[in-house]
């Protein structure tokens, strides 16, 4: 929002500052749980509450023991390995399928584009528990339930809508005359895609890929339905830890995942700004 003009009325000034106070309160409401988790992850005791030593800022009340447990505990490391093996593959599949779908739907001659788009982004709208149950019954019939590729394909299906939306938004400002110029110079569609389209829409593709990666890395409901004990991911291990053994290591893992999310969101913001510069929507 732009700065308040000097000729603004008292009502406008009141709303100007009230709106910012409301936004600040909402921001604090959303961020406060994270602000609580981060210091608790350094608790020297096996508690989920602040100890007297922590409140007194005594160095003895803080420790890296929970982070050390995460990096040395075989159960946590196996869950991390599974997440690292599943999320990148699901991201690659979601990015490929989503990019091709977005480019196809951006063509003016494609019939029923709205209906097709609604179907493709339906995993974002349908409650996750319903999608997980449907995938369970479908995969159990074709033998993919409880397998690595079953979880990967399910996560790819959940991540594809994010890629479609981000790439479609990038294609809105794409100059179609560049494709026609490439074809007039003798380039085939594949060459045109990699040499002309991809360099211009790459910010949207990478943004969608990051969203797909976050979706896969943080997903737990579908894994509970489709995964076996061998596919126990990091969110599944956290969920199990909350149900069966209340371990403060969960706080350390949550803090690490928050840090990863912040890094990815920072990359997304940088890509968004670069995309706007390429499309001429903002100054360089």
- Hits in the stretch 114-161 - residues which are surrounded by fewer than 17 Cβ atoms within 10 Å (Cβ to Cβ), more than 17 Å from residue 224 (Cα to Cα) and in contact (Cβ under 8 Å) with a residue 60 or more places away in the chain: none
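Listed here are the residues, each with its yes/no results for (1) modelled with pLDDT under 90; (2) more than 30 Å from residue 148 (Cα to Cα).
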residue: 35; (1), (2): yes, yes
residue: 39; (1), (2): yes, yes
residue: 46; (1), (2): yes, yes
residue: 59; (1), (2): yes, yes
residue: 66; (1), (2): yes, no
residue: 69; (1), (2): yes, no
residue: 92; (1), (2): no, no
- Taking the stated definitions as given, is residue 251 within 19 Å of residue 70 (Cα to Cα), at pLDDT 85 or above and touching a strand residue (DSSP E or B) at 6+ places or on another chain (Cβ under 9 Å)? yes
- Item | Complete set of residues in the stretch 104-116 that are within 15 Å of residue 170 (Cβ to Cβ) and in contact with a helix residue (DSSP H, G or I) (Cβ under 7 Å, 6 or more places away or on another chain) | 105, 106
- Read through the list (1) crowded, with 18+ Cβ neighbours inside 10 Å; (2) modelled with pLDDT of 90 or more, then give the number of the only condition that residue 96 fails. (1)
- Item | Residue list for the stretch 151-184, filter: more than 14 Å from residue 202 (Cα to Cα) and at pLDDT 90 or above | 151, 152, 153, 154, 155, 156, 157, 158, 159, 160, 161, 162
- Query: Mind checking which residues of the stretch 38-56 are more than 32 Å from the chain's Cα centre (by Cα) and loosely packed, with under 12 Cβ neighbours inside 10 Å?
  - Reply: 52, 55, 56
- Message: It is to be established whether one or more residues within the stretch 21-37 are surrounded by fewer than 16 Cβ atoms within 10 Å (Cβ to Cβ) and part of a loop (DSSP other than H, G, I, E, B).
- Response: no
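The values are calculated or read from the model by the stated rules, or taken from the named source; none is laboratory data. In this text the structure is predicted, and so the values were computed from the model without any measurement. Here Cβ is always computed from backbone atoms with ideal geometry, including for glycine, and neighbour counts include all displayed protein chains.
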